[in-house]
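Peer 1: I'd like to ask you about the structure that follows.
The values are calculated or read from the model by the stated rules, or taken from the named source; none is laboratory data. All of these numbers come straight from a predicted model, not from anything done at the bench. Positions of Cβ are generated from backbone atoms using ideal geometry, with glycine treated the same way; all protein chains shown enter the neighbour counts. Side chains are part of the model used for accessible areas, which takes the heavy atoms of the whole protein and leaves out ligands, DNA and RNA. Shrake-Rupley method; radii C 1.70, N 1.55, O 1.52, S 1.80 Å.
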Amino acid sequence: MNIYVIGHSSYGDPMVPYGDVMTIPFGESLPEDAELVVFTGGEDISPSLYGEENTKSYPNPDRDKDEVMIFNEATRRKLPLVGICRGMQLFTALTGGKLWQHVQHHTHSHSIKTIYNKDIIVNSLHHQACRPNPADYISLARSYPDRIHEAGYFPSINALGVQFHPEMMYIDSEGRVFFNTLLEEYLNLSEVL
């Protein structure tokens, strides 16, 4: 499987067991041989993408434009998608959801409750949070006590999103194992190594 990671190659680390991981530099289009696309973390999503005024966001409009173009092409081709941090926020905005432009206490490790009714610790580097469109979202994990969405599946676009950073976790950590389980269960990926 040809897996393309947008911009930051380190975000591809957790994808290595599932295929050949390559990077699309920011500003370039989606290669023809792409079979899965990973949208990475970074600057805030522009509130204009989800119909709100900017109150506490620090967007990169050029990156938004480039990633929306890749998103549109990937969904046209019906490719599976993975979103990490900003990537999940982008999926939320582009499927009719909104974002909280600023949340507290999500810039460090914290507990989440998974769909498997298990409490695990994940890392966190985001100050924005997803308010997904409930008509196109399956919640897979939430933080507590604030119940912020930390992982979810977007069925209409065959996309898995997480707010935590599996690329910064040890391979056998609870968060990384949970991420791999979601890839296999929701995107039907199989390890090839």
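Peer 1: Along each principal axis of its Cα atoms, how long is the range 1-60 end to end? Whole angstroms, biggest number first, please.
Peer 2: Answer, in whole Å and largest first: 40, 22, 16 Å.
Peer 1: Using label points projected 7 Å from each Cα along Cα→Cβ, tell me how many nm separate Glu52 and Ser111, to one decimal.
Peer 2: Label at Glu52, label at Ser111, 2.7 nm between them.
Peer 1: What FRET efficiency comes out for Arg76 versus Ala135 if R0 is 25 angstrom and r is the Cβ-Cβ distance? Round to the nearest 0.05.
Peer 2: So the FRET efficiency works out to roughly 0.75.
Peer 1: Same structure, new question: List the trypsin sites (Lys or Arg not before Pro) in the range 106-193 that DSSP assigns to loop (not H, G, I, E or B) and whose Cβ has at most 15 other Cβ atoms within 10 Å. Which are they?
Peer 2: Answer in residue order: Lys118, Arg147.
Peer 1: On to the next question. Run through the DSSP bridge list for the range 22-139 and note the antiparallel percent, rounded to the nearest 5.
Peer 2: The antiparallel fraction comes to roughly 65 percent.
Peer 1: Would you grab the residues whose amide H sits under 5 Å from the one on Gln128? Only those 5+ places off in sequence or on another chain, please, with H modelled 1.01 Å from N.
Peer 2: Val103
Peer 1: Taking the solvent-accessible surface of protein heavy atoms with a 1.4 Å probe, what is the per residue accessible area of the range 59-180 in Å²?
Peer 2: 43 Å²
Peer 1: Rounded to the nearest whole Å³, what is the per residue volume of the convex hull around the Cα atoms of the range 62-145?
Peer 2: Numbers: hull volume 9.4 nm³, N = 84.
Spelled out: Cα convex hull of the range 62-145, divided by residues, is 112 Å³.
Peer 1: Using a 1.4 Å probe over the heavy atoms of the protein chains, calculate the carbon and sulfur portion of the accessible area of the range 1-69 as a whole percent.
Peer 2: The C+S portion of the solvent-accessible surface of the range 1-69 is 49 percent.
Peer 1: Points 7 angstrom from Cα along the Cβ direction at Val103 and Val16: gap in nanometres?
Peer 2: 3.0 nm
Peer 1: Now for a different question. Can you show me the helix-derived [θ] at 222 nm for the chain, built from DSSP H runs with n ≥ 4 at -39,500 (n - 2.57) apiece and divided by the number of residues, rounded to the nearest 500.
Peer 2: -6000 deg cm²/dmol
Peer 1: Cα centroids of the range 110-173 and the range 85-101: how far apart, whole angstrom?
Peer 2: Cα centroid of the range 110-173 versus Cα centroid of the range 85-101: 12 Å apart.
Peer 1: How do Met1, Met168, Met22, Met88 rank by accessible surface area computed with a 1.4 Å probe, from largest to smallest?
Peer 2: Met168, Met1, Met22, Met88
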